[in-house]
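To keep things clear, I will list the structure first and then write my remarks on it.
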Amino acid sequence: MMMKKLFTFGAALALTAGTAMAESHAQTVRMGTEGAYPPYNFLNDAGEVDGYERDVGDELCKRAELSCEWVTNDWDSIIPNLVSGNYDTIIAGMSITDERDEVIDFSEAYFPADPSAFASMSDSFDGTGVIAAQTGTIQASHVASMEGATLIEFATPDETVAAVKNGEADAALADKAFLEPIVAEDAELMFAGDDVVLGDGIGVGVRESDGELKEKLNVAIASMKEDGTLNTLIEKWFEGMKGPY
């Protein structure tokens, strides 16, 4: 009986040690985000990264058996700092575009192409005039291509809305999901003109050399689509939106 107990105890120790060793050898991945674009990502009252992409990122790391750390970075340098190795992914509401794909690589989309919308203080806005957009976004590129429009760029999306409020811009163009709560709470702001669908959905940005990491993320994203987890998270964070997966 004593031998059996010793064997059982030894087996338990071996299992515990094996589990600890597996955990210690999990690949550490630094998840880069902006922390200033709710509901995709923002800093909560405790100063921690929160939002849809925090939930998605944590679940991706769990399924891909990665040890993940969250890092925040200003939007205008978020791609250069990925390329230079300051973190390993971008999970920051970044739309997949051909232009960006020339510099970095992307996982499969974890969020569909979201409509962009114009927020203005006048319902007579017709798509011309001065339009504010965040620097380095697909919205800024779109405004630059619009006939009769003059683009002014700002470092943060909040500044684009402030430009409309102070009369510096006739409208701001941003993701509709970002603008909806702002417009709902401000009686002076309204949506004007038609929505615009830009990009090929939102994916995780990775360095072009990190093909193995990309594949792990793609497998995890596919499983989250298959079992409905992505739809659940989308419906949690984007009021009134039905999960498309």
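Which condition does Val103 not pass, out of (1) surrounded by 15 or more Cβ atoms within 10 Å (Cβ to Cβ); (2) more than 18 Å from Leu179 (Cβ to Cβ), if it passes all the others? The failed condition is (1). Criterion applied to Ala169, Ala163, Ala140, Ala119 was being crowded, with 16+ Cβ neighbours inside 10 Å, of a type in the set (Gly, Ala, Ser) and part of a strand (DSSP E or B), and the one residue passing it is Ala119. Here Glu208 qualifies as closer than 18 Å to Ser95 by Cα, modelled with pLDDT of 95 or more, open to solvent by 70 Å² or more (accessible area, probe 1.4 Å) and not in a strand (DSSP E or B). The residue pairs whose first member lies in the range 77-101 and is in a helix (DSSP H, G or I), whose second member is at pLDDT below 95, and whose beta carbons are closer than 6 Å, counting only pairs six or more residues apart or on different chains, do not exist in this structure. Every listed requirement among (1) in contact with a Phe, Trp or Tyr (Cβ under 7 Å, 6 or more places away or on another chain); (2) farther than 18 Å from Tyr110 by Cα; (3) without any contact (Cβ under 8 Å) to a residue 24 or more places away in the chain is met by Gly136 save one, (3).
What are the residue pairs meeting all of these: first residue in the range 213-241, first residue over 18 Å from Gly93 (Cα atoms), second residue modelled with pLDDT under 95 and part of a helix (DSSP H, G or I), Cβ atoms under 9 Å, and 6 or more apart or on different chains? Note: no pairs meet the criteria.
The values are calculated or read from the model by the stated rules, or taken from the named source; none is laboratory data. In this text the structure is predicted, and so the values were computed from the model without any measurement. Please note: Cβ atoms are built from the backbone with ideal geometry, for glycine as well, and neighbour counts cover all protein chains shown. Each accessible area value is taken on the protein alone, full model and side chains, heavy atoms only, with ligands, DNA and RNA left out. Shrake-Rupley method; radii C 1.70, N 1.55, O 1.52, S 1.80 Å.
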